[in-house]
Amino acid sequence: MEERKGFGTNFGFLMAAVGSAVGLGNIWGFPNKMGASGGFTFLIIYLILAVLCGFIVMVGELAIGRKTGKGAVAAYHALSKKFKWMGWMGILSAFFILFFYCALGGYCIKYVILNVGDLFGAGFGAEAVYAAAGDTSKSLGDVVFNTFVGSSGEAIIFGLIFVVITMLIVLGGIGGGIEKVCSVGMPALFVMLLICIVRACTLDGAVAGLKYMFVPGWAVENGIIAEAPDFLTVLSTAGGQMFFSLSLGMGAMITYGSYLHKKENLQKNALLIIIMDTMVALMAGLCVMPARFALDPAGNIGGPKLLFITMQNVFHSMGTLGPIFGILFYLLVVFAAISSSISLLEVIVAHFVDDARDAGKGDKRKPYSILAAIAAGVLCVLVCLDGLGENGIAPATLLNIEASGWSDCWLDFFDCVAEGILMPLGALLMCICIGWELGPQIVDDECCLEGNRFKSKAFFNVCVKYITPIIMILILAGQLDSFFGLGWFS
Ligand code: PHE
C-alpha cells in the first residue's frame, strides 16, 4: 500500500499549525475585540480561556489525529461509537469557512497589487483608481473598496486565484507543499509584521491606539463604544475569538496531528501553537491600532472594512513610503490567509485521499485536491458577487427580511454556520466524546509515547470532563446570540 507521508520535522509541523491558527481573525478580530472588551483585562480572560479550553481541545484534537493517523472523518469513525459522524461536521465547517476565506484572500492579493501600482504611479494603483472615480466626498479607501467590490468580475478573478494557489500548495502534499510553504511563509510574516509595527508605533498619535488596545475603560471614556460590555459578554467574546483563532472544533488540528511523528511532544506543541497565535494577534494589534488612530481616526475599527478601507487610507496618508508599507502589510495578510486556507482544504482532501488509499486505489491527492478546490470555488464566487453585501444579493435582501448578524451578507451567513454553530458544537462534542465516551486515558497514552511525559494529565482530565464543556456551552450560546441577535448577552 502507498505510504502516508507526514511532516518532515517538528518545526515544519509547528509552522503549519501556527499558520493555520494565524489568520484573518488575528488581524481584524482580536485587536478590536480586545479594545472594545476591556483592554488588558480582556487579554487576561482570553489567556485563562486559552488554557482552560483552547489547550484542552488542542491536545485532544492532536491526540485523536495522531493516534488514528487519519483525517477527521476516519478518526472519529475509528474511535467512537456515538460520535462516528463528527468528522463530517468538520468537513462541512471547512467548506463554509473556505467560501469566504478565499474571497477575502483574493481581496488581499488585489490590495497588494493596488499598492504596487501606487509605488510605480501606475494606472492600476489605488491613487489612480481614486482619481479616476472623481468622487472626493468619500475617502480614498471607501472609493477604492467600492469600485473593487462593485466590479464583481474582478473580485471573482482574485478569489479564484486565491483558490488556485491554495489548491496548488495542497496538491504538493504535506511535506512537499504545506510544510515547505509554511516553514518559509510564517517566519517571513513575522518579520514583515515587525517592520509594520515599528512604522505604526512611531507615527504621531500612535499612543491612542495603544491605549485603546490595552487600557481598561479607555474605549468607553473616549466615546469609541457606548458602554462597557458585562462580564459574561466579555467571556463569550473572548471564548469565541479564542477557538476560531486557534482553528479548533473542525478537524484542522486532528488532520495536522495525524501527520505528526510519534516521537514529538503533543503537550509542548499545543502550548507553543497557542503562545505563538496569541503573540501574533497582539502584534497585529500593535500594527493596526496605532496606525488607525494616528492616520484614520474616524475609520473602521474592526472587521473586513478595517482591513480594506481604513488600512488603505492609512497607507495613502503615509506619503511616499505608504505603498511600500502597504505592500508589506497586505502581503503578510495574504500569507496569514493562505496558511489558514491550506489547512482548511487539507481537512477535506485528507479524508478522501485516505479513503482512496485504504481502498487500494493508490495516491489520489491530485484529483481530490482539484475537486475540493472546485467545490470551494463555486460558493466563493457567490461571496465575491455579493461584495460584503454591497451588491444587493445578501441573504436578507433575497429573503426580504431585516438584515441581522447572519444575513447581512453571504460572508456572514457562511461564517455563522461555521464559526457560530458547527465549530463550537464540534469542540463541545469532542470534549464529551473524549471525557465521557472514550475516557481521557486515551489522550494520556498518546501524549506519553516514546518517552514523552504528559505533565498536565490531571489538569486535562478534570477540564475535558467538566470545565471545558461548560465553557464551550457558554461560547456556543454567545456565538448564537451574536449571530442571531437573541439578546441573551448584553
Ligand atoms: N484560525 C484562523 C483565523 O484566525 C481561521 C481558521 C479556522 C483557519 C479554522 C483554519 C481552520 O483566521
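The values are calculated or read from the model by the stated rules, or taken from the named source; none is laboratory data. Predicted, not measured: the structure shown is a model, and the values here were computed from it. Neighbour counts run over all protein chains shown; Cβ positions are idealised from the backbone, glycine included.
Being within 18 Å of the chain's Cα centre (by Cα), in contact (Cβ under 8 Å) with a residue 24 or more places away in the chain, away from the ligand (no atom under 16 Å from the Cβ) and surrounded by 15 or more Cβ atoms within 10 Å (Cβ to Cβ) is a property that does not hold for SER245.
Only one of the numbered conditions (1) touching a Cys at 6+ places or on another chain (Cβ under 8 Å); (2) within 30 Å of LEU344 (Cα to Cα) is not met by GLY173, and that is (1).
A quick yes/no check of all residues on (1) out of contact with any His (no Cβ under 9 Å at 6 or more places or on another chain); (2) over 20 Å from ALA75 (Cα atoms); (3) surrounded by 22 or more Cβ atoms within 10 Å (Cβ to Cβ); (4) modelled with pLDDT of 95 or more:
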{"site": "ILE254", "(1), (2), (3), (4)": "yes, no, yes, yes"}
{"site": "SER258", "(1), (2), (3), (4)": "yes, no, yes, yes"}
{"site": "GLU264", "(1), (2), (3), (4)": "yes, no, no, yes"}
{"site": "LEU272", "(1), (2), (3), (4)": "yes, yes, no, yes"}
{"site": "MET276", "(1), (2), (3), (4)": "yes, yes, no, yes"}
{"site": "MET279", "(1), (2), (3), (4)": "yes, yes, no, yes"}
{"site": "MET283", "(1), (2), (3), (4)": "yes, yes, no, yes"}
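Within region 12-27, the residues that satisfy the criterion of being more than 9 Å from the ligand (Cβ to nearest atom), out of contact with any Ser or Thr (no Cβ under 6 Å at 6 or more places or on another chain) and under 20 Å from MET283 (Cβ atoms) are LEU14, ALA16, ALA17, VAL18.
Each row is one residue, and each column tells you yes or no for (1) closer than 22 Å to GLY209 by Cβ; (2) touching a Leu at 6+ places or on another chain (Cβ under 9 Å); (3) surrounded by fewer than 24 Cβ atoms within 10 Å (Cβ to Cβ).
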position	(1), (2), (3)
GLN312	yes, yes, no
SER317	yes, yes, yes
ILE324	yes, yes, yes
ILE327	yes, yes, yes
ALA336	yes, yes, no
SER339	no, yes, no
LEU344	no, yes, no
PHE352	no, yes, yes
ALA356	no, no, yes
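In a residue-by-residue description of region 171-178, the property of being assigned to a helix (DSSP H, G or I) and crowded, with 23+ Cβ neighbours inside 10 Å applies to at least one position. Listed by first and then second residue, the pairs linking a residue in region 136-153 that is farther than 19 Å from VAL383 by Cα to a residue that is acidic (Asp, Glu), with Cβ atoms under 6 Å apart and 6 or more places separating them unless they lie on different chains, are VAL143/ASP135. Looking only at region 395-423, residues that are surrounded by fewer than 21 Cβ atoms within 10 Å (Cβ to Cβ), over 18 Å from the mean Cα position of the chain (by Cα) and of a type in the set (A, V, I, L, M, F, W, C) come to 5 in all. The set of residues in region 324-343 being out of contact with any Lys or Arg (no Cβ under 6 Å at 6 or more places or on another chain), among the aromatic types (Phe, Trp, Tyr) and either farther than 13 Å from LYS110 by Cα or within 12 Å of the ligand (Cβ to nearest atom) (or both) consists of PHE335 alone. Among residues of region 1-27 that are closer than 16 Å to ALA188 by Cα, those with a beta-carbon under 6 Å from a residue that is more than 10 Å from the ligand (Cβ to nearest atom) and of a type in the set (D, E, K, R) at least six positions away or on a different chain give the pairs GLY12/GLU179; ALA16/GLU179. For the structure I just gave you, tell me whether MET279 is hydrophobic (A, V, I, L, M, F, W, C), without any contact (Cβ under 8 Å) to a residue 60 or more places away in the chain and within 16 Å of the ligand (Cβ to nearest atom). Yes, satisfied.
Flag set for THR310, criterion: more than 16 Å from the ligand (Cβ to nearest atom) and among the hydroxyl-bearing types (Ser, Thr, Tyr). All of (1) part of a loop (DSSP other than H, G, I, E, B); (2) within 17 Å of the chain's Cα centre (by Cα) hold for ALA336 with one exception: (1). Residues in region 344-368 that are closer than 23 Å to GLY105 by Cα and within 16 Å of the ligand (Cβ to nearest atom): LEU344, LEU345, GLU346, VAL347, ILE348, VAL349, ALA350. If you go through region 84-124 and keep only what is surrounded by fewer than 24 Cβ atoms within 10 Å (Cβ to Cβ), of a type in the set (Gly, Ala, Ser) and modelled with pLDDT of 95 or more, you end up with just GLY117. Summed over region 179-220, residues that are among the aliphatic types (A, V, I, L, M) and more than 20 Å from ILE338 (Cα to Cα) total 13. May I ask you to verify whether ILE467 is modelled with pLDDT under 95, part of a helix (DSSP H, G or I) and under 16 Å from GLY239 (Cα atoms)? Answer is no for this residue.
If you check GLY426, GLY392 for being crowded, with 20+ Cβ neighbours inside 10 Å and among the small types (Gly, Ala, Ser), only one passes: GLY426.
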